[in-house]
Amino acid sequence: MTPEGLAARRAALRILDAVLRRGQTMDNAAQVARDLPPADAALASAIAGETLRRLPDLDALIDGATRQRLPDDSKARTVLRMALAQKIGLGTPDHALVATALPLVDGGPRRLVHGVLGTLLRKGLPSLDAPRLPADVEERWRAAWGEEVVLAARRAIAHRPLLDLSFADHAAESEFPEGVSLAPLHRRLDHHGAVTMLPGFGEGRWWVQDLAASLPARLVPASAGRVLDACAAPGGKTMQLAAAGHRVTALDRSESRLARLRDNLARTNLHAETVTADALDWSPGESFDALLLDAPCSATGTFRRHPEVLYRARASIIADSADLQSRLLERSADWLRPGGSLVYSVCSLEPEEGEQRIEAFLSARADFRIEPPPLLADGVTPHSGGWLRVLPGMLEAEGGLDGFFTVHLVRTA
Ligand SMILES: C[S@@+](CC[C@H](N)C(=O)[O-])C[C@H]1O[C@@H](n2cnc3c(N)ncnc32)[C@H](O)[C@@H]1O
């Protein structure tokens with residue numbers, strides 16, 4: 001008889017393989033579960049996610065329970081990681097863990113897996129509520145931000161973050177009954193289910209956006225007018241800009257992502273002109289009063305929601321991103337009128353993609369200066385360099401934030 005929940009575990013195994021061996025995003029990898037009933041597909045993603053949140057510590061537990069070292073990419077190791085993650089992260093009962101783990105290694109080292117799992121379950125598992133990050137990431141972040149930030153990141157990765165909503169106007173926000181507001185036009189909810197079930201979704205009263213991701217658009221001066229959102233899709237920041245009354249051009253090179261942006265605008269009843277183009281080839285017919293460049297990046301700041309980014313963002317990916325960011329900055333800067341505002345942002349915790357890009361840009365462009373930001377949310381203090389650097393540990397008691405960098409530059413001449 002097939003144990004209940006085996007299909008979800010099989011799908012989780014394939015998702016982890018796609019993420020860890022083939023470098024796919026969780027969203028893409030999770031497509032393997034699209035034909036399963038929704039509850040099984042959700043369980044497959046939850047198991048894969050809980051596994052990725054604690055991978056180095058799960059591996060240490062496994063290695064401590066067997067003298068026969070299992071290869072990193074072996075199915076047996078992944079099955080054991082998944083079983084331990086289910087126990088620690090999802091509270092799955094032992095009998096269900098064993099019953100769904102063993103069929104996954106049929107034809108493989110089934111006895112070994114059974115033995116390791118039995119040993120670890122008998123000993124009792126640690127709670128792992130501040131699990132280690134991959135060693136190369138910890139090393140990078142320790143060098144860039146210090147030990148406190150690494151420890152805060154460990155605490156942050158253990159849990160799925162709370163849900164942040166952005167509102168188009170104060171009337172929509174005040175009608176929303178739930179949550180805590182940490183900044184104007186923002187509410188934070190302890191909600192982990194489908195967002196489509198929340199009140200006001202169908203009427204487009206709000207959209208999902210981490211509070212940190214809402215900071216860059218808040219830096220665009222209210223008086224700006226014609227604004228180019230140069231890497232716009234799926235449109236969180238475009239909606240903020242349109243809701244603030246700007247005349248927005250939303251550009252992105254990905255047509256499928258722009259289609260999502262158009263859906264978002266239609267749902268929220270907001271307006272922006274959309275352009276499908278590569279910003280490195282495109283030229284506007286006229287100059288803009290403000291430019292928001294939310295550049296493509298390693299996305300390591302989103303590790304709480306997407307723990308797989310920590311396994312994808314190797315040094316070469318960060319270096320390639322930094323190169324693209326510099327080219328996007330250099331090219332788009334000329335589309336601004338003198339006196340106009342350029343807001344640059346990345347959802348990255350790598351200084352190469354944030355501080356260093358802006359330092360390099362400013363050393364090449366004497367016609368730009370930093371405009372220090374106001375206080376946008378309590379606990380998000382501007383850096384003395386004039387930018388906003390959101391790190392793990394900020395607003396931790398309130399549920400934390402994604403890692404982010406954003407800066408407001410003004411074209412002086
Ligand atoms: C960080 S995401 C933008 C998120 C968006 N600003 C939001 O708030 O929803 C970066 C976007 O840049 C786009 N992109 C990457 N390279 C580009 C290029 N050369 N020209 C235009 N868009 C590009 C990607 O397709 C992606 O949608």
Condition first: over 14 Å from Trp206 (Cα atoms) and either more than 9 Å from the ligand (Cβ to nearest atom) or under 19 Å from the mean Cα position of the chain (by Cα) (or both). Now tell me which residues in the range 237-255 satisfy that. Gly245, His246, Arg247, Val248, Thr249, Asp252, Ser254, Glu255
In the range 117-133, is there at least one residue being among the β-branched types (Val, Ile, Thr) and open to solvent by less than 30 Å² (accessible area, probe 1.4 Å)? no
If you check Ala366, Ala322, Ala377, which single one turns out to be assigned to a helix (DSSP H, G or I), over 23 Å from Leu16 (Cα atoms) and aliphatic (A, V, I, L, M)? Ala322
Please work out if Arg77 is charged (D, E, K, R), open to solvent by less than 60 Å² (accessible area, probe 1.4 Å) and either part of a loop (DSSP other than H, G, I, E, B) or on the phi < 0 side of the Ramachandran plot (or both). yes
Of the listed residues (Arg314, Arg247, Arg267, Arg253), the one being among the basic types (Lys, Arg) and under 18 Å from Val208 (Cβ atoms) is Arg267
Determine which member of the set Leu329, Leu362 is open to solvent by 40 Å² or more (accessible area, probe 1.4 Å) and either in contact with a Cys (Cβ under 6 Å, 6 or more places away or on another chain) or touching a residue at least 24 places away in the same chain (Cβ under 8 Å) (or both). Leu362
Are there strands (runs of 3 or more DSSP E) fully within the range 141-227 with at least 3 residues that are more than 16 Å from the ligand (Cβ to nearest atom), under 21 Å from the mean Cα position of the chain (by Cα) and closer than 16 Å to Gly400 by Cα? List them. 186-189
List the number of the failed condition for Ala42; all other conditions in (1) among the aliphatic types (A, V, I, L, M); (2) touching a residue at least 12 places away in the same chain (Cβ under 8 Å); (3) surrounded by fewer than 21 Cβ atoms within 10 Å (Cβ to Cβ); (4) part of a helix (DSSP H, G or I) hold. (2)
Checklist (1) surrounded by 16 or more Cβ atoms within 10 Å (Cβ to Cβ); (2) farther than 30 Å from Glu50 by Cβ applied to Ser298, failing item: (2)
Got at least one residue in the range 257-269 being within 9 Å of the ligand (Cβ to nearest atom) and either touching a residue at least 60 places away in the same chain (Cβ under 8 Å) or assigned to a loop (DSSP other than H, G, I, E, B) (or both)? no
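Condition check ((1) touching a strand residue (DSSP E or B) at 6+ places or on another chain (Cβ under 8 Å); (2) assigned to a strand (DSSP E or B); (3) away from the ligand (no atom under 16 Å from the Cβ)) across all residues:
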position	(1), (2), (3)
Trp282	yes, no, no
Asp289	yes, yes, yes
Gly301	yes, no, no
Ile317	no, no, no
Tyr344	yes, yes, no
Arg357	yes, no, no
Could you list, in sequence order, the residues of the range 237-263 that are within 19 Å of Asp169 (Cβ to Cβ) and crowded, with 22+ Cβ neighbours inside 10 Å? Lys237, Thr238, Met239, Gln240, Leu241, Ala242, His246, Val248
Which one is nearest to Ala224 (Cα to Cα) among residues in the range 301-321 that are of a type in the set (Gly, Ala, Ser) and open to solvent by less than 10 Å² (accessible area, probe 1.4 Å)? Gly301
Within the set of pairs 6 or more residues apart or between chains, which connect a residue that is farther than 17 Å from Pro131 by Cβ inside the range 59-73 to a residue that is exposed (fewer than 13 other Cβ atoms within 10 Å of the Cβ) with Cβ atoms less than 7 Å apart? Asp73/Arg21
Tally of residues being open to solvent by 30 Å² or more (accessible area, probe 1.4 Å) and closer than 16 Å to Glu355 by Cβ across the range 372-384: 5
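The values are calculated or read from the model by the stated rules, or taken from the named source; none is laboratory data. These numbers were taken from a predicted model, which means no experiment stands behind them. Note: ideal-geometry Cβ built from the backbone for every residue, glycine included; neighbour counts use all protein chains shown. Note: accessible area is taken over every heavy atom of the protein model, side chains too, but ligands, DNA and RNA are not part of it. Shrake-Rupley method; radii C 1.70, N 1.55, O 1.52, S 1.80 Å.
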